[in-house]
Amino acid sequence: RKEVEQDPGPFNVPEGATVAFNCTYSNSASQSFFWYRQDCRKEPKLLMSVYSSGNEDGRFTAQLNRASQYISLLIRDSKLSDSATYLCVVNRPGNTPLVFGKGTRLSVIA
Amino acid sequence: DTAVSQTPKYLVTQMGNDKSIKCEQNLGHDTMYWYKQDSKKFLKIMFSYNNKELIINETVPNRFSPKSPDKAHLNLHINSLELGDSAVYFCASSPPGLAGYEQYFGPGTRLTVT
């Protein structure tokens, strides 16, 4: 089982739609969780951290389910500018760097 | 005022050559990383340095040799380049602490080996 697995995508949605991405992780001792965004031919950038109680940032909501080792990202009222690849990121326990999922590609269509 | 910068942005070279990629960060971070993103878009850690010391060395051929002259710079030298080395190489840095919190990425170096 891969350390971080994501919906393969691509997701093609119309503007204004609500879209949800899922991610599972294999290491139950993982403690930090993030969603990064990567635009085409650009570097990954942090979108938001994911907290145990769930958190929201504008149109974006992140949820964490530790029991199921599952993370989600919900985007409401999709904009054309949301088109990108969304990377689920998890830390390994100890002094190890982050582990990146393969990403889910989103295309928002006018 | 670029936070993490890399040079060159594009690198096209022939098999067997030796090349270097440079990375600099002006964020005052202690930890720097090299990642490889291949054609399947999978982003994989290669090396991690903390305060000029190597702390992570994933399974990477020893043709790849990182060097950190100071904590603001982490360079990557690649010997005897192979076709399979073609990828985008990202440098990143993160704040003090080794837990791999928010990472700031450079713009990437697109390496093509012919």
Just to check I understand the Karplus step: with θ = phi - 60° and J = 6.51 cos²θ - 1.76 cosθ + 1.60, what whole-Hz values come out for segment A:28-33, glycine and proline as x? 5, 8, 4, 10, 10, 9
Extreme residue, positive dipole direction of chain B, given options B:27, B:8, B:83 (C-beta unit charges): B:83
Close lysine pairs (chain B; alpha-carbon distance under 15 Å; 8 or more apart or on separate chains) counted at 11
Using 7 Å Cα-to-Cβ label points, what is the residue A:15/residue A:51 separation (nm, one decimal)? 3.3 nm
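Per-residue mean of other chain beta-carbon atoms within 10 angstrom of the beta-carbon, peptide B:102-111? Before the final figure, lay out each step's value.
Working: counts 8, 10, 4, 7, 1, 3, 4, 0, 1, 0.
Mean number of neighbouring Cβ atoms from other chains: 4.
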Relative contact order %, chain B, counting alpha carbon pairs below 8 Å whose residues are six or more apart: 37 percent
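What is the sum of charges, Lys and Arg at +1 and Asp and Glu at -1, for the other residues whose Cβ falls under 12 Å from the Cβ of residue B:58?
+3
Hey, what D do you get for segment A:25-110 in µm²/s if you plug the Kirkwood alpha-carbon radius into Stokes-Einstein at 37 °C and 0.692 mPa s? Each step should come with its number before you reach the end.
On the way: Rh = 13.5 Å.
Calculated translational D: 242 µm²/s.
Give me a single rounded figure for A:14-24: the average over its residues of other chain Cβ atoms within 10 Å of their Cβ. Display every interim value, and only then the final one.
Values: counts 0, 0, 0, 0, 0, 0, 0, 0, 0, 0, 0.
The shielding value for this peptide is 0.
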In whole Hz, with x marking every Gly and Pro, tabulate ³J(HN,Hα) for segment A:70-77 from phi via Karplus 6.51 cos²θ - 1.76 cosθ + 1.60, θ = phi - 60°. 9, 10, 9, 9, 10, 10, 9, 6
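Starting with the highest mean, order A:56-68, B:25-37, A:14-26 by the number of other Cβ atoms within 10 Å, averaged over the residues of each peptide.
On the way: A:56-68: 13.8, B:25-37: 20.8, A:14-26: 15.8.
The most tightly packed comes first, giving B:25-37, A:14-26, A:56-68.
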Mind listing the long-range amide H neighbours of residue A:102? Cut-off is under 5 Å, sequence gap 5 or more, other chains count too, H placed in the peptide plane at 1.01 Å from N. A:6
Applied in sequence order to segment B:47-61, the curve 6.51 cos²θ - 1.76 cosθ + 1.60 (Karplus, θ = phi - 60°) yields integer Hz couplings, x standing for Gly and Pro, of 9, 9, 10, 10, 6, 6, 10, 5, 10, 10, 9, 5, 5, 10, x
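Read the figures in this text as sums done on the coordinates, not as results from a lab. A quick note: this is a predicted structure, and the numbers were derived from the prediction, not measured. With ideal geometry, Cβ positions are generated from the backbone for all residues, glycine too; neighbour counts draw on all protein chains shown.
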